[in-house]
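Enquirer: First the structure, then my questions, so here it is.
The values are calculated or read from the model by the stated rules, or taken from the named source; none is laboratory data. Model, not experiment: these values are computed from the prediction. Please note: Cβ atoms are built from the backbone with ideal geometry, for glycine as well, and neighbour counts cover all protein chains shown. To get the accessible areas, we keep the full protein, side chains included, count just its heavy atoms, and leave off ligands, DNA and RNA. Shrake-Rupley method; radii C 1.70, N 1.55, O 1.52, S 1.80 Å.
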Amino acid sequence: METQPDMMLQYAHYLHDVYKNKGIKDPVITVESYVTLNGSSNQLYIDSTIDLSKQNENFLHTKWILSFNQNK
């Protein structure tokens, strides 16, 4: 799941429902995930400030998946 944003999104929705059923009014689900490519330094992969339980799954560009900066 660590490099599959669609699975992270699905799990965020699942966790939101679990905690809502436990009595938490509006749980906020965020992810802090880092990736590396070809020996580059770790880079933040998912914007950890965005509540994924409020995002919808689609095939369009999403602002919560961050671009990989090859210059780092």
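Enquirer: Filter the range 25-53 down to the residues that are of a type in the set (A, V, I, L, M, F, W, C) and in contact with a helix residue (DSSP H, G or I) (Cβ under 9 Å, 6 or more places away or on another chain), then identify the one that is farthest from Phe68 (Cα to Cα).
Expert: So the residue we want is Val28.
Enquirer: Sticking with this one: If you check every pair at least six apart or on different chains, which have Cβ atoms under 7 Å apart with a residue in the range 39-64 that is at negative phi and aliphatic (A, V, I, L, M) first and a residue that is open to solvent by 40 Å² or more (accessible area, probe 1.4 Å) and not in a loop (DSSP other than H, G, I, E, B) second?
Expert: Leu44/Tyr34; Ile46/Ile65
Enquirer: Please specify each residue of the range 25-34 satisfying the condition of being open to solvent by 70 Å² or more (accessible area, probe 1.4 Å) and more than 14 Å from His13 (Cβ to Cβ).
Expert: Lys25, Glu32, Tyr34
Enquirer: For the range 35-72, what are the residues that are open to solvent by 100 Å² or more (accessible area, probe 1.4 Å) and of a type in the set (A, V, I, L, M)?
Expert: If the condition is that a residue be open to solvent by 100 Å² or more (accessible area, probe 1.4 Å) and of a type in the set (A, V, I, L, M), then Leu60 is the only one that fits.
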